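The values are calculated or read from the model by the stated rules, or taken from the named source; none is laboratory data. Quick caveat, the model's predicted, so the values are computed rather than measured. Methodologically, a virtual Cβ is constructed for each residue, glycine included, from the backbone with ideal geometry; neighbour enumeration extends over all protein chains shown.
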Amino acid sequence: MKKVMTIICLILSLVLLTSCKKVNKESKITIGFMSSIGAVPYIYALEEGYYADAGLEVEIKIFTNANDRDAALIGKHIDAVNTDYVMFASLLEQGYKLKATVTTEDQFFIVANKNYKNSITTDVKSTDGAKVGTFENGVLSYLVEKLASDNDITYQLVGIPMIPARLQALESNEIDMAILPDPSASKVTDGKIIWDNFSDGVYV
């Protein structure tokens, strides 16, 4: 029942997007997502035909770089995106006319690579001074900085916008840790999850 209600809410959110654009029923709605677990319910609804049953034609585009996703929205190559509050506020400040139609909560993991994990303990404070790959000027950097602040430590933030590049930098020891969504976080070879926002009661 919970899954059915979730799908219904997703469909309703798409109806709101359509009405905001004032397009007819034949128009296609294209939504941009990052390559993360947050896109799964929308993809599931597409594959199961829920959108078609609601009279909607939906296309989903997956991005590995938030800048590319937002550029596609600004350039009107897509109709909507799943983004965080920081990026949404930033685009509004730049004068773009956007409307939030539904809110979601995403889970992110700070993962240590297999070499760095052997030099730290289970105490987060032992990661003081670590080089952390993140997406700068967004919610990911906020989460990393919050973790550091809450534990009176500092991190060296390394801006790597593309998720695959961030994952590769982690695996090749260019950085000690990286903040990643699933499924990317689960792909780290013999890595160690240091922290995640859900476990800490932080919802973004």
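Of note:
- For PHE198, the conditions (1) under 21 Å from ARG69 (Cα atoms); (2) within 17 Å of the chain's Cα centre (by Cα) all hold with the exception of (1).
- Qualifying positions in segment 116-140 - at pLDDT below 95 and not aromatic (Phe, Trp, Tyr): THR122, GLU136, ASN137, GLY138, VAL139, LEU140
- Any hit, segment 112-123, residues being among the aliphatic types (A, V, I, L, M), touching a Leu at 6+ places or on another chain (Cβ under 9 Å) and not assigned by TED's automatic domain parsing to the domain that holds THR154: no
- Hits in segment 107-126 (condition: part of a helix (DSSP H, G or I) and not small (Gly, Ala, Ser)): TYR116, LYS117, ASN118, VAL124, LYS125
- Screening THR127, THR64 for residues that are outside the structural domain of ASP182 (by TED's automatic domain parsing) and out of contact with any Gly (no Cβ under 6 Å at 6 or more places or on another chain) leaves exactly one candidate, THR64.
- Taking segment 171-204 as the range and being under 17 Å from ILE37 (Cα atoms) and free of Cβ contacts under 8 Å to residues at least 60 places away in the same chain as the test, the residues that pass are SER186, LYS187, SER199.
- Residues (in contact with a strand residue (DSSP E or B) (Cβ under 7 Å, 6 or more places away or on another chain) and surrounded by fewer than 19 Cβ atoms within 10 Å (Cβ to Cβ)) located in segment 39-65: ILE43, LEU46, GLU57, GLU59, ILE60, LYS61, ILE62
- Residue list for segment 37-65, restricted to those being under 18 Å from the mean Cα position of the chain (by Cα) and in a helix (DSSP H, G or I): ILE37, GLY38, ALA39, VAL40, PRO41, TYR42, ILE43, TYR44
- Among (1) part of a loop (DSSP other than H, G, I, E, B); (2) closer than 17 Å to MET34 by Cβ, the one test that GLY129 misses: (2)
- Selection within segment 66-84 - crowded, with 18+ Cβ neighbours inside 10 Å, at pLDDT 90 or above and in a loop (DSSP other than H, G, I, E, B): ILE78, ASP79
- Of the residues making up segment 96-133, those that are β-branched (Val, Ile, Thr) and more than 17 Å from ALA169 (Cβ to Cβ) number 8.
- Test: residue in segment 90-106 that is within 17 Å of the chain's Cα centre (by Cα), without any contact (Cβ under 8 Å) to a residue 24 or more places away in the chain, farther than 21 Å from ASP182 by Cβ and not in a loop (DSSP other than H, G, I, E, B): yes
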